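The values are calculated or read from the model by the stated rules, or taken from the named source; none is laboratory data. Not measured: the values here are computed from a predicted model. Cβ placement follows ideal geometry from the backbone for every residue including glycine, while neighbour counts extend to all protein chains displayed.
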């Protein structure tokens, strides 16, 4: 062994922090701070054995959170809001974090909220999209949003995705990518600012190609929104491909980097969450993936209208928004305002431009809703039909009704011209109205426009006359005249006398085949003829054979026998003569036939005829 002491004095060579001729004493242990009278210490480290609440190698000062050595009383400080020192050991003054105030460091400074031990600054800065710096914790109830697992896709077009029992399975194909991500089925552009500080989690099982165990260095989670990307790397990676791997991340800026590797800010994360376009989850934990299974996926959300929950969203801000803004983070325009693309972050909300005729508009386009005071247009800048004036002057009386012929019940003008003294000069009549003051019906219309509540309606003549002719329709009753296409009726709705067919749809009124001398009427639909007395036939075109006429035929039969002519020949000749001469000449025809029977020459001549 080497030399242990000084040869002249006998002083032992002591290890650090040990004293005494024989190295049997601690170096400077404070008697009031050390435990016991022996002032014992660790011979190797020299650490004195300190009393409770006392610290230091020599037990000569109070531990953090205590003051007043050697008594070391406990400081009355909120440890969530203090630095590591907690308080001044001499004065007991609490040492607050950057965003914390108060004697006991228990209050967030103005412009901050949500005092938390895990926050290095103590409280979160109010963001409110730049509209205000006044906010508090929303304390909205927290819920886990549900996702349809069948909606997950992957970024690898060569791979295959299947879903069974809510487990999404990816299988690599020929030419598959080495970096595979699952895409969450969110609605692109959705507002997830109420998930700030809450948890996104998933469970993944990733399998490499056979013999390939090199780990992937890609980010575990990527958030895309507002042309920015936030990436998260889990501190732990899977140790066994056969076991499912759990990833949890709080949506806080300190957990994410930009795509260039720069830490993102609170404002950047809020902008991403406001218009979240995609969430991607790494499925390829190995550089040559064979397959991956997404077993579980969830994202916490908060909102004032969610069901009660034991978990409250203290990390989500509730801003005290200026008048033009609304929403927990003032991310929306309040009613009566719309967004313009000027100003910081999302742009400014400015009053709706409705010329004083509406108090609401589309928050994105500024198009006005529910224009009042007889106005219309995107900005209520036009007078309604039948009114005159300048809608842009902002007065409730900007647009006045035209007296055409009078208002408000009988205003039949699209517009009018009025002198500077308010005298009506002319009216621009609506279709169907005529006259200097639109006080009568135009051709093709009927009604009483001068009667209160009256109006002009189109004449209904079934398109069977020319309604541009003022005589074609009665201007008050609407009765139709000058019917065309062989039609008749108050509405030209049936065929004219001695015509039949469909006057309304087919418009095929054609002449009846009835003999008008033998008919009383023709059915205007079926075309059947109604015969006069003693007339018969489908067309009422021959005489009815009565009893007297049959007696004449009997004479013809006797004559035919005496003259040795066939009876059927005589009847045929008699009927032919009757048909030819009609009823008025029937008797004369029979007499003529009988007279000609006296000679065979006459008989043969008649038969030949």
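Does residue 462 satisfy the condition of being under 29 Å from residue 495 (Cβ atoms) and either touching a helix residue (DSSP H, G or I) at 6+ places or on another chain (Cβ under 7 Å) or surrounded by 18 or more Cβ atoms within 10 Å (Cβ to Cβ) (or both)?
Criteria met by residue 462.
Might you let me know whether the stretch 540-550 holds any residue that is assigned to a strand (DSSP E or B) and modelled with pLDDT under 95?
Yes, that holds for at least one residue.
Considering (1) within 20 Å of residue 218 (Cα to Cα); (2) surrounded by 15 or more Cβ atoms within 10 Å (Cβ to Cβ), say which one residue 175 fails and leave the rest.
Result: residue 175 passes all but (2).
Residue under question is residue 166, and the condition is that it be at pLDDT below 95, surrounded by fewer than 21 Cβ atoms within 10 Å (Cβ to Cβ) and either on the phi > 0 side of the Ramachandran plot or touching a helix residue (DSSP H, G or I) at 6+ places or on another chain (Cβ under 7 Å) (or both); does it hold?
Criteria met by residue 166.
Determine whether residue 347 is over 30 Å from residue 425 (Cβ atoms) and free of Cβ contacts under 8 Å to residues at least 60 places away in the same chain.
Yes; evaluated as a whole, the condition is true for this residue.
Of these, 96, 72, which one is more than 16 Å from residue 119 (Cβ to Cβ) and surrounded by 16 or more Cβ atoms within 10 Å (Cβ to Cβ)?
So the residue among 96, 72 that is more than 16 Å from residue 119 (Cβ to Cβ) and surrounded by 16 or more Cβ atoms within 10 Å (Cβ to Cβ) is 72.
Just give me the residues in the stretch 325-344 being assigned to a strand (DSSP E or B), more than 27 Å from residue 376 (Cα to Cα) and either touching a residue at least 40 places away in the same chain (Cβ under 8 Å) or under 20 Å from the mean Cα position of the chain (by Cα) (or both), in sequence order.
Of everything in the stretch 325-344, nothing turns out to be assigned to a strand (DSSP E or B), more than 27 Å from residue 376 (Cα to Cα) and either touching a residue at least 40 places away in the same chain (Cβ under 8 Å) or under 20 Å from the mean Cα position of the chain (by Cα) (or both).
Give the stretch 291-306 a look and list any residue that's outside any strand (DSSP E or B) and either touching a helix residue (DSSP H, G or I) at 6+ places or on another chain (Cβ under 6 Å) or within 14 Å of residue 153 (Cα to Cα) (or both), or say none.
Of everything in the stretch 291-306, just one residue is outside any strand (DSSP E or B) and either touching a helix residue (DSSP H, G or I) at 6+ places or on another chain (Cβ under 6 Å) or within 14 Å of residue 153 (Cα to Cα) (or both), namely 303.
Tell me, please, whether a residue that is at pLDDT below 95, touching a strand residue (DSSP E or B) at 6+ places or on another chain (Cβ under 9 Å) and under 19 Å from residue 148 (Cβ atoms) can be found in the stretch 256-270.
Among the residues of the stretch 256-270, not one is at pLDDT below 95, touching a strand residue (DSSP E or B) at 6+ places or on another chain (Cβ under 9 Å) and under 19 Å from residue 148 (Cβ atoms), which makes the answer no.
Applying the selection to the stretch 140-154, what residues are assigned to a loop (DSSP other than H, G, I, E, B) and surrounded by 15 or more Cβ atoms within 10 Å (Cβ to Cβ)?
147, 152
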